[in-house]
Each structure stands twice: as C-alpha cells, then as structure tokens.
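In what follows, a structure is listed as structure tokens, so that the remarks can point back to it.
The numbers here are math on the coordinates, done by the rules we state, and not lab data. All values derive from a computational prediction rather than experimental measurement. Cβ: placed from backbone, ideal geometry, glycine included. Neighbour counts: every protein chain shown.
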C-alpha cells in the first residue's frame, strides 16, 4: 500500500486542534473539557506525524515519532491530574448543595496506613 | 550544569519515597544547586557562555544546554528564592500537628523540588521540544502546589490554572511542530539560522507566543493568576509570582530575540508594549480595590509583569537596546525578591491574625515589627524608590524610552509607580495604625519573619549591585 | 498470486461475512442478551477466519504462533467479558426479550 | 485509488467522531465515542507509518485515558445522584456561572474557524518534501546501541527529554496522591469464578508481554513505554478485581517502584557524566546495555504510575 498523503492528515490534525479548542472554551462539564484537551493534543500529534511522513526517505523521520510518544505520555499524566482535581472540585460543589456531606472533609486528609512503612 | 537538573530531580524522587526526609532532601538539593550555580557563575564570568551537549550528540540530533548571562542570572535568582522558601516553609507547614498539616508537608517537598527542577531545566535548555517538557513539568508542579491548600477556592483556582496551562502548552507545541516542519530542527540557534520569513513561521511564532503569554499572565490573559496566587499556601504564592510566570516570560525573550529575531518588527513590538501598559494600569487599579492582602499582592504581580513586556518595544532601536534589556531583567529580579517577601509577610499575617483582610490589619507594626519592616522595604522596591532594584530597573527602562523617543513608556512607568505607591500606602497606613486588642492570636517563628526581611533587603540592595548585573547580562545577549 | 495467497483471500470472504453479520446483529437485535450473543459468537468466528487467512501469509512459525495467541486471548477475554456483562444484567433484573414482550 | 479512499474515510470519521465525542448531549456516549476516537487514531498512526505510536496510542491514549475518564464519570454520576436532583448545578465548571451562552458560542465558533483557516494556510505553505532528521538519525544509529530508530532517539539522542518525561510521570502521581484518596472498585472475585481463572492466565501473560515489548524495542516497534502500558493494563485489571490490594498496602515498596525509573535514569546520567564528561553520554560501545538497564527500571515505574493513576488517588483503606 502506498504512503498516505501527509497533507490530508496534517489538515485533520489541525481540525482536531480547532475542534478541541472550541469545545474546551464552550463546554462547561469538566469531563468534556478534559476530553477536549486530549483531542487538541491528538491534533498536534497528528500534525507532527504527518510532517514526519513528509521526510519519508527511506523511512519516516523518527525524531517526531519520539516526540509524540513523549507527548502521549505527558497527555495521559495531565489527564490523570486533571481528573483528580476535577473530582475534588465536583465533590466540593456537590457537598455545598446538599446539607449532609457524603464524606467529611477530614476523611480526605486522614492519616494513611502506609505512613508506618 | 547537570547538577542543576539531576540534584533536585533525584531529591524529589527520594523525598517522595521517604516522606519523613522531605525537608532534608530539599536542603541537600539546595546544597548541590548552590554549588553548581556558584561554579557556573564563575565559569561564565571567567570563560564566557558555557554550553553542554547532552548525550554528546549536539544539535540538531541531540539536545544542547547553554548558560549565558541571562540564564545564569535566572538560575541564581531561582536558587536564592527557593532556598528562602525552603527555610520559610518548614515552620509554616508545621503550624499545627493535624493530619492535614502532615499531609501537606509530606507532599510539599517533592512538589517544590519538581518545581525547582523544571525551572532549572527551562533556563538551561536550548531545544524547543525539550522546553515543552520542562514547561509541562513546571505547570504540573505549580498546579499541584496550589491545590495543596485543599480549600474550595484553591481547588477551583488550581483547576482553572491547569486548564489554562495545558491548553497554552498545546498551542506552544503546535508551534513547535510547525517550526520543525519548516526548519527540520528544534534547536534555538539552528532555527535562527534556517528561519525564512513566511506564513509557517509567522503562525508558529504566534501560536507559541499566545501560549506563553497565557502562561506569563500578560493582560488580557491574566484572569487565572489572581485566584491561583492568592489562594495558594504563602510559600507557594511566593514561588509562583516570583518565578513560575517569569519562566514563560524568559522563554518569550528566547523566542523573540534568539530563535526568530527576524519577526521582531516594530508593529509586533508595539503590540507587546500596549499589552504591557494595559497590564500595568489594569493590575494596579485592581490592586487598589482589593479587600484581601494576598489578592492585592497578586494583582500587583499582574501589573509588575506588564513592565517586563515594555522591553519588547524598547528593543527595536539600537540606542536603548542594552539599557532596556538590563532594565527589564533587573526589574524582574527585584520584583521576584520583593514579591516573595510580600507573600511571605502575608503568610505571617495570616498565621498571626487568621485572616488577611486589609481593613483589619491595624497593629501589624507593633505585633510583627520585622514583617512590617519587610513589607515596607518590598514596597519601596515595587514603587521604584532609590536605591532599590525596582528603581534601577525602572530608571534604565525610562532612559531607554527617552533615548528611543518613546515618550509613552515614560508616562506609563510614572503612572504605574504612582498607583503602586497608592496601593502600598493603603496597606502601610493600616499596618501602622494602633492595634485593636484581641485581633492578634498566634505568635510567628522568627525564621518566618527573617526570610521575608532578607529577601526584601536583597530587593532593595539590588540597585547597588547594578553593575554586576550589567556585566553578567552582556554575556551572550542578543547583540552583535 | 500463489495458491496460498488465493486460499488466504478466499478465507477472508467468510471472515468478512461473519463480521458484517455480527455488526448488523449488534445494531438490529432487540436486547442486551441477544446482542452479546451476536458480538461474542459471530465476531469471534470472523476473527478466526481472518487469523487463519493471515497465518497462511505468515513468514515464519513464530508469527503463526503469535496469531494463534491473539485469537486465543480474544476468545478468552470476550467470553469472560460476556459472562460478566450477562451476570450484571441478570443481577439488575434485566428480562430477556421474547416474541411476546412489547 | 483505494488507499486514498481509505485515508479520506478514516480522516473524515476521525474528525466527525472528535466533534461528536466533545459535543454529544449524552456525556456517557461522548466518552465512548472518545475511546473509539483513540482506536481510530491508532489506525491513523499506522497509516502514517508509526507503529510504535499505534501501540502506545491504543494502550495509553485510548485504553488507559478512556478507562480513567470512564471511571471518573461513574464517580461523578454517583455523586450527582447523591446530591439529590440538582445535576445542573453540580455538572458545571468554574467558568460556567454567568455566561451569555449563545452569543459567545457563535463568536468562539467563528474564532475557531478563523484559527483553523490560518493554521491550514500556514501548514500548507510548508515545503512539500521536508528535510527532517532521518538522515542524521540513521547515520548515528550504529553508535546508538539499538537498531530501532525511535528507541535510539528516545533513549540516546534525546534521552534528556525522556529523563524529564519520566519525571513528569512521577510528578503526576505525586500530584494526584496529594489531591485525594483513591477509591477501590468494589469487586468480589468469589462471585466471578470465570474472571479469576482468566486473570490467573492473563496477568502473567501480560507481564511477560511487557518484558517482551521492552526487549524487542531495541530492534522493532516497542520499548519501555509500550511495555509499561501493558503492565499498567495488567495492574488495572488486578485493581479492578481486587487482587492488587495486598501489593498496595506495602507503601514504601510501591513508592520505590514508582520512583525507581527516575532514580536509575538520574544516577545513570550522573555516572555517565563522571565517566565520559557528558550528561547521559554512555561510554562507547556500552550504550545498548545502559539503555536496557534504564529501560527496565523505567518499565516498572511507567507501569506502576499509569496503573495507579487509574485509582485516582493515593492508596489507603477507609
């Protein structure tokens, strides 16, 4: 199978970036916004790899490949951190609206059994 | 140079593995970094710009590190402030022996060390992609430190900060992709050699600049800064205002004056200047109307960041070039020290009074004389009274503006200084009012007052060391 | 085209048929249980044919082994997941569809 | 003709799915579409001749990220229901409070389209045949200690990036642990005999697979990240089924596992500095061995970090 046209994937990457940015600003649900950041990131990665394919003699440029691998790992770290933070914020807002909190705030920061180790 | 990265990074990992040794690890890292910075300063002053090829390959395939005057200055500033914060944070975090306090202390040290690693990596790297990784390291550490406060406002501010920081990084990264597509390298110096003016690099620079402006909180993308800086724990606020936003500004300097100087046109420079002027006015006016001390200080940061961007319009000509560069960076250093001192004082006041409402600050000068003195000295530098570093920096900017015939810069600096004097006086008049009995509850350990005073003294004394700055900044700067 | 290539292409026809059947069933079947049935049975048979077709084109024995391993893992995983989903559905009291139900 | 058709369809579906995933009224469906998007992106990476990334994307970008978001969704839904019928207020983010919605939507839509146009204009102006660094990388490949160019870039030419990246991974877990306590999925294996017998087979197989990916990464697609992702998958399975509980009670052991990547990488960098005078500059002829040691330590840390991210907080029983 012949190589893909890099420009097609380049444009798709830019489209993902724009869609992600729009949704990040417009959407209000925290999960949607976190997914939007991921889509923006995927757009950048598509652009990187499409550019790598342009230098495809005899093989695609490995340097952007390594960069994107780094980027994917950074993105999943960002997602994990953002989800933990979003979860705390949402728990806070849920508790503010109900008189009986689901878990007392002190439980969040209680001592841990692993402390002994 | 390597010790600057490996020292704090390994210390961060160890501080996480052995939570009870966190503070010790921070001091160990401070020792390693201190020695490394001092020897680097000696090497640069003696032998000029130092560079290092990581893994031995060299650009474009490998990553280069480079320490010129600017980088060394910021590394030294970072070390100074990080050491002060380390000294301050230990008693600050031990305020109460509650589970919350233990939890906070346990995670503070590794996060602080990660922040330090990221800043050092940022100041040393010459590689646009490597800088992206350093930026993410910096952003994550900063956000996690803000969230460490654990209260609702801090968590919301941290989340907003994270969203801004992550999307800004992605804008930056897309710019890097375009640069790579055009120049087949991400090394700053090689990009400068291979950069044709054209749509690709114009848009790439716009993307990277947009992202970095958001990270540097330049007006109008400053909206995330006041809540994040005001709600973080005091030592964290100090680090964020003094160093983290400056990291993004530093990268902007590298981009505009080293990698892609061909794009530094008068129009682009004027845009930066206008945004900077707007930031000064907007930030100062907002600082005047705040009711909480930490918010006032945070808005003052928005204003003070504006001054830094005045460097861009002043660098267009030949005459004022070096003066503007030195002025901007001297101001950066003085602001970093003064602002750290102010946030640390705010932390002391919070500790002693349990709040930081400006209206009810009467009597600080009696209860915390050292802190009040530090606040006053830091204010002197922020307003720009001689002989402070703030004065020297503003003076250099002003005279560069006059030499270049850009009178509006002089006007903006004067108005900004008057407004700064107004908001500082607002706090100081309350501070020196007679104390209301019963408002001051808890004592403050002397080291927490001492570190604030020491930094305020550095900020004021920086004006006297101006020639040393100028000598250092000349090395490897953007002039032929 | 060699005989093996031809045979391999021929095997792809039933593979495609079973995948399409499985997908159509997933979209058209009335309830969870019958959809599970379609997904785990038809698709696994389709995958089996595809794996066989690829085995004929493999360059060495190791590759044949890896392909077999893939099929085995997918079979094991999908039957376990099918069981877990079905169990959870039963626990929640989901009634299987019959001709009489509305 | 057929390849173009395939590429065109793939690209169109990717873009449409991205839009749907972020703007679907039903959030749950949006998350599922997001996961599907990740799988399609893995196919796109294959079409762009990046099998290393297809592996990483399928495991990390789609699989793990999807699992993270899905479990967060379940948690948030449960809380919304507990907050008794005020889902609208709960589901909003910090900026949502007072926004002139429609006007800003149109404005931002126009802005995004303009941005897309500008980006496309800039991107299409790039030279059609890029220089890239392929030639340089291939020329240095024999000295790099491995034969897979991507691994050579990651662990030799640009090893410093990877050192910082391992730092980012550790920082992420420190940040998450500082934020909240993780929630244990309530699973009882005794009621699910089939799952238990599957895990008995699959978990060791995944661990072996991770080692295999690490080993093969020197010469073919694979490496510490792909292997780590597989290990993380195994860990998530173990956590979901409750098997990982005993391991996670040993706090210091877990923390050591999380940090060993940074420690070994950092110490290797320092030792190399003393040996050759260059940070992370491996002694001549020994690069392959150094890379293998660093990758093995990184594999453990990556697997543990990514797997524990799934827990959403620090371990510790209530």
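Gaussian network model of chain D, Cα springs within a sub-10 Å range: biggest mean-square fluctuation belongs to which of D:139, D:232, D:54? Taking springs between Cα atoms under 10 Å, the residue moving most is D:139. Between residue A:57 and residue D:111, the simple spin-label model (points 7 angstrom out along Cα→Cβ) gives 4.3 nm.
Using a Förster distance of 25 angstrom, determine the FRET efficiency expected from the C-beta separation of residue D:128 and residue A:1, and round it to 0.05. For R0 = 25 Å, the calculated efficiency reads 0.75.
Highest average first, the peptides B:407-415, B:435-443 ordered by how many other beta carbon atoms sit within 10 Å of their residues are B:407-415, B:435-443. Summarise the long-distance tail of P(r) for segment A:6-98 by giving the % of C-alpha pairs beyond 16 Å. Taking all Cα-Cα pairs of segment A:6-98, the fraction more than 16 Å apart is 62 percent. Relative contact order for segment C:3-91: 33 percent, from Cα pairs under 8 Å spaced at least 6 residues apart, divided by residue count. In chain B, helical runs assigned H by DSSP with n ≥ 4 each contribute -39500 (n - 2.57); averaged across all residues and rounded to the nearest 500, the mean residue ellipticity at 222 nm is -25000 deg cm²/dmol.
So if R0 is 25 Å, what FRET efficiency would residue D:286 and residue D:135 give, r being the distance between their Cβ atoms, rounded to the nearest 0.05? Walk me through the numbers on the way to the answer.
Values: r = 26 Å, r/R0 = 1.02.
Computed FRET efficiency for residue D:286 and residue D:135 comes out at 0.45.
All distinct Cα pairs of segment D:1-83 go into the 1/r average, and the inverse of that average, the Kirkwood radius, is 13.8 Å. Note on chain D: GNM, Cα springs under 10 Å; of D:30, D:307, D:132, the largest mean-square fluctuation is that of D:132.
If you stretched the chain out fully between residue D:196 and residue D:77, how much longer would it get, using 0.36 nm times the residue separation minus the C-alpha to C-alpha distance?
Working: separation 119, 0.36 × 119 = 42.84 nm, distance 2.84 nm.
Extending this stretch completely gives an extra 40.0 nm.
The label point for residue C:2 and the one for residue C:69, both projected 7 Å from the Cα toward the Cβ, are 2.4 nm apart.
Once R0 is set to 35 Å, what does the formula 1/(1 + (r/R0)^6) return for the Cβ-Cβ distance between residue B:281 and residue B:467, expressed as a FRET efficiency to the nearest 0.05? Kindly include the intermediate steps, with their values, before the conclusion.
Numbers: r = 32 Å, r/R0 = 0.92.
It comes out at approximately 0.65.
Measuring nothing but how far apart in sequence close Cα pairs (under 8 Å, 6+ apart) lie, relative to its length, segment A:6-98 scores a relative contact order of 27 percent. Hull volume per residue, based on the alpha-carbon atoms of segment B:110-237 and their convex hull, is 91 Å³. Scoring B:193-204, B:368-379, C:28-39 by mean Cβ neighbours within 10 Å over their residues and listing the highest first yields B:368-379, B:193-204, C:28-39.
Peptide B:137-146: average number of partner chain Cβ atoms within 10 Å per residue? Show your work: numbers first, answer last.
Details: counts 7, 1, 4, 11, 5, 0, 6, 11, 2, 1.
Per residue, the average neighbour count from other chains is 5.
A simple spin-label model places the labels of residue C:20 and residue B:411 7.6 nm from each other, with each point 7 Å out along Cα-to-Cβ. Counts of other chain beta carbons within 10 angstrom of each beta carbon in peptide D:224-230 average 1.
Taking 37 °C and 0.692 mPa s as the conditions, I'd like the Stokes-Einstein D for segment D:146-318 in µm²/s, using the Kirkwood hydrodynamic radius from alpha carbon pairs. Mind showing how you got there, number by number?
On the way: Rh = 17.0 Å.
Diffusion coefficient, whole number: 193 µm²/s.
Report, as an integer, the average count of C-beta atoms from other chains found within 10 Å of each Cβ along D:306-315.
The per-residue average across the peptide is 3.
Under a Gaussian network description of chain D, with springs only between Cα atoms under 10 Å, the residue in D:240, D:39, D:27 that fluctuates furthest is D:27. Take every pair of alpha-carbon atoms less than 8 Å apart whose residues are at least six positions apart; their mean separation over the length of chain B yields a relative contact order of 15 percent. Each peptide in B:147-159, D:294-306 was scored by the mean count of other Cβ atoms within 10 Å over its residues; highest first, the order is D:294-306, B:147-159. Specify the inter-centroid distance of segment C:1-58 and segment D:212-267, based on alpha-carbon positions, in whole Å. So the two Cα centres are separated by 35 Å.
Structural size metrics of chain D, computed from C-alpha coordinates, are Rg and Dmax of 22.7, 67 Å.
Beyond 49 Å, what percent of the Cα pairs of the protein assembly as shown remain?
On the way: 115793 of 516636 pairs.
Distances greater than 49 Å cover 22 percent of the Cα pairs.
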